[in-house]
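Quick one: the structure is below, questions incoming.
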Amino acid sequence: MEVVGVLVPIVEACGAVVIVVGALWAFARFVVVGLRERDAGAFVPVRLTLGRFLALGLEFQLASDVLRTAVAPSFRELGQLAAVAAIRTALNYFLAKEIAEERRQLAEERADEGTGSRQARAT
């Protein structure tokens, strides 16, 4: 199973790259938005995108853990995988929940803005 030994670091590296790229992108957007706008709500899309990058990176990391234990796992390795998978799944769940909530709030704000501008034009 030499293939798995080669694949594990590749998949781990992919996860790390996704997280680093997402963090760099989010930081750049944070700076741009911070210079243009002083409204805290303007940062919500930046947080949502960073959350998506983090969730994807966690999926890659979990995949590498699964690959690592796929070949003749011991009970100890299975226990470690179960613990890591539970923690990462919980992190992913709460991250997805927060992203959905932020998305809903953003959609409501945009709908309110659209209604407000239509009402201003009507009067």
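For Ile87, state whether it is within 13 Å of the chain's Cα centre (by Cα), part of a helix (DSSP H, G or I) and of a type in the set (Val, Ile, Thr).
no
Tell me which of these Arg38 doesn't satisfy, since it passes every other one: (1) farther than 21 Å from Arg103 by Cβ; (2) more than 17 Å from the chain's Cα centre (by Cα); (3) in a helix (DSSP H, G or I).
Among (1) farther than 21 Å from Arg103 by Cβ; (2) more than 17 Å from the chain's Cα centre (by Cα); (3) in a helix (DSSP H, G or I), Arg38 violates only (3).
Pick out the one residue from Phe53, Phe43 that is assigned to a helix (DSSP H, G or I) and modelled with pLDDT under 85.
Result: Phe43 is the single residue among Phe53, Phe43 that is assigned to a helix (DSSP H, G or I) and modelled with pLDDT under 85.
Every residue, every condition in (1) in contact with a Leu (Cβ under 6 Å, 6 or more places away or on another chain); (2) farther than 30 Å from Gly5 by Cβ, yes or no:
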site: Arg29; (1), (2): no, yes
site: Gln61; (1), (2): no, no
site: Arg68; (1), (2): no, no
site: Ile99; (1), (2): yes, yes
site: Glu109; (1), (2): no, yes
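Closer than 18 Å to Ala85 by Cα, of a type in the set (Val, Ile, Thr), modelled with pLDDT of 90 or more and in a helix (DSSP H, G or I): is that true of Val18 in this structure?
Here the answer is no, as Val18 does not meet what is asked.
Tell me yes or no: at least one residue of the range 95-112 is in contact (Cβ under 8 Å) with a residue 24 or more places away in the chain and touching a Phe, Trp or Tyr at 6+ places or on another chain (Cβ under 8 Å).
no
The values are calculated or read from the model by the stated rules, or taken from the named source; none is laboratory data. Please read these numbers as outputs of a predicted model, since none were measured by experiment. Reconstructed Cβ throughout: ideal geometry from the backbone, glycine too, with neighbour counts over all protein chains shown.
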